[in-house]
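Everything on this sheet refers to the single structure shown next.
Throughout, read-outs are computed from the coordinates displayed, never taken from laboratory work. Just so we're clear, the structure is a prediction, and the values are computed from it rather than from any experiment. Note: ideal-geometry Cβ built from the backbone for every residue, glycine included; neighbour counts use all protein chains shown.
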Amino acid sequence: MNDYTTVVGLDVHKATIVIAVLPPEAGRPTEVLTIENEPHALERLVRRLAARSPVEFVYEAGPCGYQTHRQIEEFGQKCVVIAPGLIPKRATDRVKTDRRDAEKLARLYRAGELTAIRIPTCEEEAARDLVRAREDGLADRLRARHRLGKFLLRQGRTHRETKAWGMKHQAWLRSQKFPWQAQQRTFEDYMRSLDDVDARLRALDQQLEALTQTDACRERVRYLRCLKGIDTLSALTLVVEAQDFRRFGRASSFMGFTGLVGSERSSADKTWRGGITKAGNAHIRRILVEAAWNSRHKNIVGLPLRERRRDCPAEVVHIAERAQERLHRKYWKMISRGKPHSVTTAAVARELAGFVWSIAQHFPAASS
C-alpha cells in the first residue's frame, strides 16, 4: 500500500455491507454508505472507487465466508481479510456499530495494525467443509445415542452384557418392544434418527476416503500417518485445516496456530502463566490432543504403525520415530512429577504439533 491508496473498510453482513472510504492523507473516512450484499451492487461500488485512485479493501472474517473477497479480486482489486481475534480494541470502547466497525478497519489497516489471514482456494475450502461435515455427523450421532439411551434408562431397560453400541448391543436394541403405542413410536423415532446419522457417516467416510486419494492429499496424509496416534482421518483433518504448512516459518508459529501454547501475563518482576490459550484452530487442537493420549502406551512400533511407515521417505520416518520416543518420555516424566493427565497431554500435544510441522516441511511441492 502506497501513499496514494484509498482504503475501504467493509462490515459484511448477510443482507448488507457497510462501506467506509478512507482517501489518501485523510484522517477519517470521508464517505460511509450501505449497499446490498449482492454481486451487482458490489461491482458498481468497486468500479466507482477504483476509477478515482488505487484502492484496497479490507474486512473482518466472519460467517459470510470469503465470497466478498473473491468477488473483489475478480474485479481486479486487492482485498484483505482480517483475523477477528487480532483486531486491537480499546478498553473504554463501549459503543459498537456497523459504521464504527467499518471505519476502524480502514484506519487500523492503513496504520499496519491488522493481521491478514490466508484465504483458502475453493478446492481447499470444499475439502475442509467435507471433513467438518463428518465432525458434525459424529456430534449428531452422539446426541442421538444419548436420547435413545436415556429413554431406555427411564423405562428401566439397560444392556450390561457387552460393550455399548457393539453388534450384540445393536441386536438387543432391535429386539426391544413396548406395551404402549406411544412408547413404541418414541423408541422407533429415536432408532430411525440414529440409523439416519449412521447412514450419513458411512457415506461421508466413503467420500473422505476418495479425498485422501487425490493428488492434493495423498502424499501429505501418507507422511503424517507415520506419527503414532495419527491415522488417515486425523492426518486428513490436519492437512485440510492447516492448508499450507509452509506459511508457518517456524514450528513455534504452528504451535501458536493450534492454541496449545501457554498463556502468560508479565509486568515488571511479576510473571503469571496460565493454561493454554485456545486461540487457534480448534479442529487441529482436538486432533493433536487425541493423538497425544497415545504417548501413555508402551513405546513400541506395532504392525499397523509399521505398515503405515512402509515406503515413506527415510527422513519422515526418522522424525516420526524421534517424536514417538520423545513424547512417550515426556509424558511419563511429567506424570512422575505429579502433573495432572490433562496438563501433561496438552504439553505433549504442543510438542506433537512441532513434529507435525517438521514432517510437513518434507511435503512434495503442490502442482501448479
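Can you work out ³J(HN,Hα) from phi for every residue in the stretch 98-114, in order, using Karplus 6.51 cos²θ - 1.76 cosθ + 1.60 and θ = phi - 60°, giving whole Hz and x for Gly and Pro?
My calculation for the stretch 98-114 gives 4, 4, 5, 5, 5, 5, 5, 4, 4, 5, 5, 5, 4, 7, x, 9, 10 Hz in order.
Could you work out the longest stretch of the chain that avoids the GluC sites (Glu not before Pro) located in DSSP loops with at most 14 other Cβ atoms within 10 Å?
162-368
Given labels modelled 7 Å from the Cα in the Cβ direction, how far is it in nm from A51 to E219?
In this crude label model, A51 to E219 measures out at 4.9 nm.
Kirkwood hydrodynamic radius, the stretch 122-212, all distinct C-alpha pairs: what's the number in Å?
Computed over the stretch 122-212, the radius equals 14.9 Å.
Return the Rg/Rh ratio of the stretch 218-360 with Cα-based radii and a Kirkwood Rh.
Result for the stretch 218-360 is an Rg/Rh of 0.99.
Could you size up the charge dipole of the stretch 6-111 around its Cα centre, putting +1 on the beta carbon of Lys and Arg and -1 on that of Asp and Glu, and report it in debye to the nearest 20?
I would put it at about 360 debye.
Stokes-Einstein at 37 °C, 0.692 mPa s, Kirkwood radius from Cα pairs: D for the stretch 6-111 in µm² s⁻¹?
Answer, rounded: 238 µm²/s.
Quick one: if you stick a label point 7 Å off each Cα along the C-beta vector at D269 and R337, how many nm between them?
It is 2.5 nm.
Return the FRET efficiency for the residue pair A199, K278: r is the Cβ-Cβ distance, R0 is 30 Å, and the value is rounded to the nearest 0.05.
The computed FRET efficiency comes out at 0.35.
I want the antiparallel fraction of DSSP beta bridges within the chain, as a percent rounded to 5.
Around 65 percent of the beta bridges assigned by DSSP in the chain are antiparallel ones.
Fewest first, what order do D196, D269 take by the number of other Cβ atoms within 10 Å?
The order, fewest Cβ neighbours first, is D269, D196.
Restrict the search to the stretch 93-191; then list the trypsin sites (Lys or Arg not before Pro) that DSSP places in a loop and that have at most 13 other Cβ atoms within 10 Å of their Cβ.
R94, K96, R118, R160, K163, K177
In straight Cα distance, which lysines are under 24 Å from K163, not counting same-chain residues fewer than 8 positions off?
Leaving aside lysines fewer than 8 places away in the same chain, those within reach of K163 are K150, K177.
Run the quick spin-label model on S175 and A314: label points 7 Å from Cα toward the beta carbon, then report their separation in nm to one decimal.
With each label placed 7 Å out from Cα toward Cβ, I get 5.8 nm.
When the chain is treated as a GNM, springs tying every alpha-carbon pair under 10 Å, which of A210, A127, A282 comes out with the largest mean-square fluctuation?
Answer for the Gaussian network model of the chain: A210.
Give the range of the longest stretch in the chain that excludes all chymotrypsin sites (Phe, Trp or Tyr not before Pro) found in loop regions by DSSP and having at most 16 other beta-carbon atoms within 10 Å.
The longest such stretch corresponds to 181-368.
Suppose R0 equals 35 Å; then what is the FRET efficiency for E290 and K89 from their Cβ-Cβ distance, rounded to the nearest 0.05?
Taking R0 as 35 Å, the efficiency between E290 and K89 is 0.55.
Once you have the Cα-Cα distance between T5 and E43, take 0.36 nm times their residue separation minus that, and quote the gain in nm to one decimal.
Taking 0.36 nm per residue and subtracting the Cα distance, the gain is 11.8 nm.
Calculate, in nm to one decimal, what Q206 and I117 gain on full extension: separation in residues at 0.36 nm each, minus their alpha carbon distance.
28.9 nm
What is the calculated FRET efficiency for R185 to E135, with r their C-beta to C-beta distance and R₀ = 41 Å, to the nearest 0.05?
With a Förster radius of 41 Å, E is 0.85.
Using Cα-Cα distances under 8 Å and only pairs 6 or more residues apart, what relative contact order does the chain have, in percent?
Contact order relative to length: 12 percent.
If you wrap a convex hull around the alpha carbons of the stretch 176-287, what volume per residue comes out, as a whole number of Å³?
187
Work out, in µm²/s and without decimals, the Stokes-Einstein translational diffusion coefficient of the chain at 37 °C, 0.692 mPa s, Rh from Kirkwood over C-alpha pairs.
It diffuses with D of about 134 µm²/s by this estimate.
Within the stretch 224-320, list the trypsin sites (Lys or Arg not before Pro) lying in a DSSP loop whose Cβ has at most 11 other Cβ atoms in a 10 Å radius.
Sparse-neighbourhood loop trypsin sites (Lys or Arg not before Pro): R250, K298, R310.
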